[in-house]
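Remarks on the structure that follows.
The values are calculated or read from the model by the stated rules, or taken from the named source; none is laboratory data. Note that this is a predicted model, so its numbers are computed, not measured. Here the Cβ is made from the backbone with ideal geometry for all residues, glycine too, and neighbour counts use every protein chain on show. Areas reflect the complete protein model, heavy atoms only, side chains present, ligands, DNA and RNA absent. Shrake-Rupley method; radii C 1.70, N 1.55, O 1.52, S 1.80 Å.
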Amino acid sequence: MASATKTRTTATRLLTAVAVLSGLVLSAAQAHAAAPASPAGAPAAAAAALPAIDMEATVLAAQIDPRRADSTLTPGAKDSVLAVERALQAKGLLESRWVDGYFGTTTVAAYAAFQRSLGYTGLDANGLPGVTSLTALGKDRYTVSRQIGVGAKVKRDGYTVNTRTQSMLTEAERLSGVHLKLDQGSYNPGGDPTSAGTHDGGGVVDINVDGMTAATRTAVAKALRQVGFAAWVRSPSQGNWPWHIHAAALNDTDLATQAQNQTGDYYLGLNGLANHGADDGPRVAIQTWEEYQRTH
């Protein structure tokens, strides 16, 4: 009798184990059926997140690097610039020897060629990466972080500026306590021959200094620099113009080539004039508008 009981108990345990295993197999099959299928033959890397490039650092390098006398890289920009250069190389626009993390004149020219391939002309093909072109270039290669947008064109004192420039001027007014009246705005091609084309694009203004003391002019230039402008007090002794403050917004992606050169010179300690003299403006920690906003 004991033997029969033991046999029945063993059989019961076997049946229970089979049922449990069957349930596990069924659950695994159901889970597999519910999971989305991967494309046939898709590489494992396709599922991985794309690397992100820093647009702020990339645009900054595109302004500074072409003005350098050597091949020093812009701090913090190397990886992002390399990603852009590799994408340009893949499109046959840049030779491999220029894929080095240095956004010099050759890379600027290659990027401008890519912009033209998208149908862009004029300021939209100035060689400075904009959000749309940078995103298009990086399709399936990278994403774009720290995006820069200059915004719509607006009027200030009867002159045209973009929204980013307007915001920067408003903040500089707050810092200096001085109302800033423009003598010249942006997007003004050929408007003033003495400006050498710097006002042809966005981000550049001349500020009226009538009635300002020398100390006030310097204080205004300092405030402009603090919010992200390359700004200098200009005197009649420097050119065929009256006293004024010339300001070019760093990292404005609508900058004309001449203004790009000025912002690059500013980073390198120069005065932004054709004589390549030493910077004669107030000393501040150089930063862009986006960097200023993150700390204030």
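Placing a pseudo-label 7 Å from each Cα along the Cα-to-Cβ vector at Thr132 and Ser96 gives an inter-label distance of 3.4 nm.
Across region 83-135, C-alpha contacts under 8 Å between residues 6 or more apart give a mean separation that, scaled by the residue count, equals a relative contact order of 29 percent.
For the peptides 124-131, 93-100, residues were scored by their other Cβ atoms within 10 Å and the scores averaged per peptide; the highest-first order is 124-131, 93-100. Apolar share of the accessible surface for region 160-296: 52 percent from carbon plus sulfur atoms, 1.4 Å probe. For region 161-238, the Cβ-based charge dipole about the Cα centre amounts to some 280 debye (Lys, Arg positive; Asp, Glu negative; other atoms uncharged).
Available extension along the chain between Arg116 and Trp243 is 41.9 nm, counting 0.36 nm per residue and deducting the alpha carbon span.
Across region 133-228, C-alpha contacts under 8 Å between residues 6 or more apart give a mean separation that, scaled by the residue count, equals a relative contact order of 24 percent.
Using C-alpha pairs under 8 Å with a sequence gap of at least 6, the mean separation divided by the residue count of region 61-216 gives a relative contact order of 14 percent.
Diffusion coefficient (Stokes-Einstein, Kirkwood radius over C-alpha pairs, 4 °C, 1.567 mPa s) for region 120-247: 81 µm²/s, rounded to a whole number. A straight Cα-to-Cα reach below 19 Å connects Lys139 with the lysines Lys91, residues fewer than 8 places away in its own chain not being considered.
Percent of Cα-Cα pairs more than 15 Å apart in region 128-194, please. Here the long-distance tail beyond 15 Å is 65 percent of all Cα pairs in region 128-194.
State, to one decimal in nm², a quarter of the convex hull surface area for the C-alpha atoms of region 108-164, i.e. the direction-averaged projected area. Before the final figure, lay out the partial values.
Numbers: hull surface 19.0 nm².
The directionally averaged projection comes out at 4.7 nm².
Taking the three principal axes of the alpha carbon atoms in region 192-296, the coordinate ranges are 38, 31, 22 Å, sorted in descending order.
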